[in-house]
Amino acid sequence: MVRGFSTRHKLRGELKWRYFSPHNSSAENPMLGKSAEERKALSLELAGIVAKSPLTIIACVTDIGTAFEYASVSNQRELYHFAYKPLTERFQYFLQDSKSLGIIIADHRGRDDDRLLRAHHDTLIAKPGNTISGYNRLIEGLLLQDSCHSIGIQLADFVAGAIHRAYSTKDSDLAKIIRPRVRAKTDGSVFGHGIVHHPRDRFRPDLERK
């Protein structure tokens with residue numbers, strides 16, 4: 001469906017979240033030349049495609065201000081690692097519930113970032129008892145791929161952008177459309193299940209969304 005979306009609208013290139021911004025004028029943007037209204041319409045259509053797809057969304061929303069109060073977080077790279085653990089734990093829980101095995105594939109971010117993220121991943125995996133989940137459902141190591149070669153990574157970027165926008169600007173138009181794909185508890189609640197507020201015990205109430 002995603003390839004059909006691109007073909008239908010003659011979009012040749014990546015469907016990065018930032019490309020839907022009306023102010024993005026990157027030469028690589030396949031929506032270059034389209035108006036703000038056209039880009040909004042395209043983002044709504046793509047969100048609808050996500051909502052109808054057999055996907056399960058799991059996201060970690062991090063309180064950045066609180067995160068930087070931790071000794072382990074002093075830069076963007078460490079912030080990325082800070083969010084990686086609760087996100088991958090929820091993925092492990094999902095695999096347990098569905099009695100499946102899984103692989104983590106992340107976007108290539110640069111040689112040093114990739115090396116350190118792999119080391120962080122290996123540290124989590126290699127220490128039994130280090131986390132509640134134990135990561136016993138993950139196979140292989142961390143796979144890193146350029147987003148231009150992966151529609152899956154591009155969709156993950158789009159979903160992350162939609163959720164970020166809902167929290168940062170309170171514009172939840174796209175987040176509401178994709179919400180049916182967010183992993184939920186039996187009572188329909190997604191928080192702590194498909195949407196993780198991190199750090200949970202210090203997540204500022206004014207940042208919370210319904």
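The values are calculated or read from the model by the stated rules, or taken from the named source; none is laboratory data. This structure is a prediction, so every number in the text was calculated from the model and none was measured. Please note: Cβ atoms are built from the backbone with ideal geometry, for glycine as well, and neighbour counts cover all protein chains shown. Just so you know, the surface numbers come from the protein's heavy atoms only, side chains and all, with ligands and any DNA or RNA stripped out. Shrake-Rupley method; radii C 1.70, N 1.55, O 1.52, S 1.80 Å.
Tilt of helix 76-98 relative to the longest C-alpha principal axis of the chain, in degrees (0 to 90, nearest 10)? It is inclined by approximately 80 degrees. Could you state the number of Å between the C-alpha centres of the range 141-182 and the range 17-58? The range 17-58 and the range 141-182 have Cα centres separated by 11 Å. The angle separating the long axis of helix 36-52 from the principal Cα axis of greatest extent in the chain is about 50 degrees. Each of residue 1 and residue 101 was given a label point 7 Å from its Cα along the Cα-to-Cβ line. The distance between the two points is 2.9 nm. For the chain, averaging the sequence separation of C-alpha pairs within contact (under 8 Å, six or more residues apart) and dividing by the residue count gives a relative contact order of 29 percent. The residues of the chain expose, per residue, 58 Å² of accessible area to a 1.4 Å probe.
If you wrap the Cα atoms of the range 78-210 in a convex hull and average its projected area over all directions, you get 9.1 nm².
FRET efficiency for residue 146 and residue 18, Cβ-Cβ distance as r, R0 = 25 Å, nearest 0.05? For R0 = 25 Å, the calculated efficiency reads 0.95.
For the chain, the longest principal axis of the C-alpha atoms and the axis of helix 111-126 are separated by about 40°.
Estimated from helical segments only, the mean residue ellipticity of the chain at 222 nm is -13500 deg cm²/dmol, where each DSSP H run of four or more residues counts as -39500 (n - 2.57).
Provide the gained length on full extension for the span residue 74 to residue 8, in nm with one decimal, where the gain is 0.36 nm per separating residue minus the Cα-Cα distance.
Values: separation 66, 0.36 × 66 = 23.76 nm, distance 4.44 nm.
Net length gain for the segment: 19.3 nm.
What FRET efficiency, computed as 1/(1 + (r/R0)^6) with R0 = 35 Å and r the Cβ-Cβ distance, is obtained for residue 56 and residue 25, rounded to the nearest 0.05? Provide the component values of the computation, followed by the final result.
On the way: r = 34 Å, r/R0 = 0.98.
Working from the Cβ atoms, E equals 0.55.
Counting lysine pairs in the chain whose alpha carbons fall under 19 angstrom apart, excluding pairs fewer than 8 residues apart on the same chain, gives 14.
From the Cα gyration tensor of the range 145-210, with a ≥ b ≥ c the square roots of its eigenvalues, which class applies: rounded if a/c is under 1.5, or else prolate if a/b is larger than b/c, or else oblate?
prolate
On the beta carbon distance between residue 191 and residue 122, with R0 = 30 Å, the FRET formula returns roughly 0.50. Extending 7 Å from the Cα toward the beta-carbon at both residue 40 and residue 115 defines two label points whose distance is 4.6 nm.
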